[in-house]
Amino acid sequence: MSENKKTEKIVAVKGMNDILPAEAPLWELFENTVQSVLKSYGFQQIRTPIVEQTPLFARAIGAVTDIVEKEMYSFTDSMNGDQLTLRPEGTAGVVRAVIEHSLAYEGPKRLWYAGPMFRHERPQRGRYRQFHQFGAEAIGFTGPDIDAELIMLCQRLWDDLGLENIRLELNSIGDADERNKHRVDLIAYLEQHIDILDAEAQRRMYTNPLRILDTKNPAMQAMVNAAPKLLDYLGPDSLAHFEGVQKILKHNNIPYTVNPRLVRGMDYYNRTVFEWVTDQLGAQGTVCAGGRYDPLVEMFGGKPTPACGFGMGVERLIELMKAAGEPATQNQCDVYLVHQGEAAQLQSFVLAERLRDAGLDVVLHCASANAGGSFKSQMKRADASGAAFAIILGDDEMHQNVAMIKTMRADDGEGKQTPVPFDEVVDHLVDQIIGAAEHEHEHIHYHH
Ligand code: ATP
Ligand code: MG
């Protein structure tokens, strides 16, 4: 390796993003909100590995899908030759784990997961190679009630996050035999319009014709709009299920539109499918997608177990939150400790630990490469931290056994300095900070 190579900057993998501290409060606000909504519906968390055996995804998602055809990060385990894949979605792993640990044995389960997913897509707005999802999987429930509950959970989440302009599209893609009947007619129809089909559609015509209905190609819209509709092929059971979902949504005033062309990109879905869509994000407007996947557990070797779930794209929802208001901000700490001299430094450590014992967030100034240790440069750091108070300890304070407490914010009388005996520092600050926080709870602010 040349000298030059060694010093070359190494950058992140294309399409994989860092989430920097300035953005983290918004992510935390999102994550805390989703988790509390999920909890309020009785969903329990499950964590599965990021890497699974490749056949798990190939079998679940389907061979003729975007994901399996071209988006999976797969590799061979160099130790034993296993074919492995970074998970492109969450459902397959959750269902594997449910079967492996007989989780649904004693009764139905409401589960949720969160974490990074990996797809080798062309990076663009709203489309990354590592992205994040929150998802819910309700396993072992047969009726339309759970489908409606999952949808209402999403609606509550948008409301709690203050997100408007997300609309619900709903469809039923029936059961396998209904889809097979429709498929015959659909292929015949597509054959009549072969001249309008783009290359992708022609390639999929006999392998996954349903997915052609989902095309975004403007030249094909009129053709797909007039194509045979799956809804017209549903038998009484599928229809009753679909009507059951709609009845609950209507009763609870959840607006939706039936989109007869809505399909999902994975083969395991049946009956209810839905997407939450916004016009605020350009081309990548689907923020959450889900549906029923009754065949999947059995496909994985479990005993037949109905199921329904959704996955939401965190990056797209974070972008909507940004558009909805000022970004959430978070102060680094409540108190910043500034000190000069060895005795003051040692005393600072003691005070900082006592304040943390009392539940406050404290930053103790530490030596750094790019800032001098002068009071002035330390105070600049204190300012930048957003702390409500600075504690100043120098020779004078050490001689008098006091800490100088300085208010940093205009609304508490900025710049006011109060000498407080060491033993009273904790009480003094706890009173002021916890007292003030009772009005605001937490120091995350999210304005609309
Ligand atoms: P799309 O039509 O956008 O390709 P999809 O059908 O592949 O979506 P799902 O597999 O259903 O998407 O994933 C659920 C959600 O995860 C999507 O609605 C979207 O919000 C998000 N998502 C999917 N792929 C990506 C990606 N590459 N980058 C960011 N978010 C994504
Ligand atoms: Mg996709």
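Some notes on this structure:
- Most mobile listed residue (60, 219, 227) in the chain, GNM with C-alpha springs under 10 Å: 219
- Largest mean-square fluctuation among 264, 119, 354, in a Gaussian network model of the chain whose springs join Cα atoms under 10 Å apart, belongs to 354.
- Of the solvent-accessible surface of the chain, computed with a 1.4 Å probe and all protein chains present, 51% belongs to carbon and sulfur.
- Between the range 80-142 and the range 163-223, the alpha-carbon center distance in angstrom: 26 Å
- Shape category assigned to the range 160-251 from the gyration tensor of Cα positions, a/c cut at 1.5: oblate
- Scalar couplings 3J(HN,Hα) for the range 28-40, obtained by applying the Karplus form with A = 6.51, B = -1.76, C = 1.60 to θ = phi - 60°, are 5, 4, 4, 4, 5, 5, 4, 4, 6, 5, 4, 5, 6 Hz; x denotes Gly and Pro.
- Percentage relative contact order, the range 203-354, counting C-alpha pairs under 8 Å, at least six apart: 13 percent
- A P(r) calculated from all alpha carbon pairs of the range 335-440, with 5 Å bins opening at zero, reads 2, 13, 25, 27, 21, 9, 3, 1 percent.
- Phi to ³J(HN,Hα) by Karplus 6.51 cos²θ - 1.76 cosθ + 1.60 over the range 145-158, Hz, x for Gly, Pro: 4, 5, 4, 5, 4, 4, 5, 5, 4, 4, 4, 4, 5, 4
- The range 256-333: C-alpha gyration tensor shape, a/c 1.5 cut-off, then a/b vs b/c: oblate
- Probe 1.4 Å, accessible area per residue of the range 1-124, Å²: 59 Å²
- Within the chain, helix-based [θ] at 222 nm, where runs of 4 or more DSSP H residues each add -39,500 (n - 2.57), nearest 500: -11500 deg cm²/dmol
- For the chain, built as a Gaussian network whose Cα springs stay under 10 Å, the top-fluctuating residue of 283, 344, 328: 344
- FRET E, pair residue 145, residue 395, Förster distance 51 Å, beta-carbon r, rounded to 0.05: 0.10
- Inter-part distance where the range 326-404 and the range 240-278 are each reduced to a Cα centre, Å: 55 Å
- Area of residue 431 that stays accessible when all protein chains are in place (1.4 Å probe, Å², to 10): 120 Å²
- Surface exposure of the range 335-440, expressed per residue as accessible area with a 1.4 Å probe, stands at 55 Å².
- Remark: the Cα gyration tensor places the chain in the prolate category, a/c being 1.5 or greater and a/b exceeding b/c.
- The mean sequence separation of alpha-carbon pairs under 8 Å and at least six residues apart, normalised by the residue count of the chain, gives a relative contact order of 15 percent.
The values are calculated or read from the model by the stated rules, or taken from the named source; none is laboratory data. As the structure is a prediction and not an experimental result, all values here were calculated from the model. Note that we place each Cβ from the backbone using ideal geometry, even for glycine, and neighbour counts take in every protein chain shown. Ligands, DNA and RNA are stripped out before the accessible areas are found, and what is left, the full protein with its side chains, is counted by its heavy atoms. Shrake-Rupley method; radii C 1.70, N 1.55, O 1.52, S 1.80 Å.
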